[in-house]
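Chemist: Following this message is one structure expressed as structure tokens.
FYI, it's all coordinate maths here, none of it is from the lab. All figures in this text were calculated on a predicted structure; none of them were measured in a lab. All Cβ positions, even for glycine, are placed from backbone atoms using ideal geometry, and neighbour counts span all protein chains on display.
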Amino acid sequence: MNHHIVRMLPNFEAAEAARNGLLAEGFDGEGINVNVTTDEAGPAESNFYVGDSPAVKGGTDYEDVFKPAVRGDLCMMTVSVAEAFQLERAAAILEHHGGIDVDPAHGAASSTF
């Protein structure tokens, strides 16, 4: 299994549904890994300011500058497959269950200037 796809899912139930969907489509269960990023204390949260520069957004209030991006970050699912063509189907199944790609390199590669 040399090809991998990673997606963040909004909650464990979505991750479980995505896993079941992948299994129903014939994906190998050994290649599906779910990492829950929360514990009994609740979801992991950052203590750092994040966001764009006020000059970029054109404003200085919290909503424009420092509020973290909304993303599903409770469960990270990695799907490993033997053939690259399987990645597209895995991505579609994960997206159907709320999976999002949070890798900034993927967005940068597809953006136009």
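Chemist: Expressed in nm to one decimal, what extension gain is obtained for the pair THR37 and ILE100 from 0.36 nm per residue of sequence separation less their Cα-Cα distance?
Modeler: Answer, rounded to one decimal: 21.2 nm.
Chemist: On to the next question. Set the Förster radius R0 to 35 Å, insert the Cβ-Cβ distance between PHE85 and ALA17 as r into 1/(1 + (r/R0)^6), and round the FRET efficiency to 0.05.
Modeler: Calculated value: 0.90.
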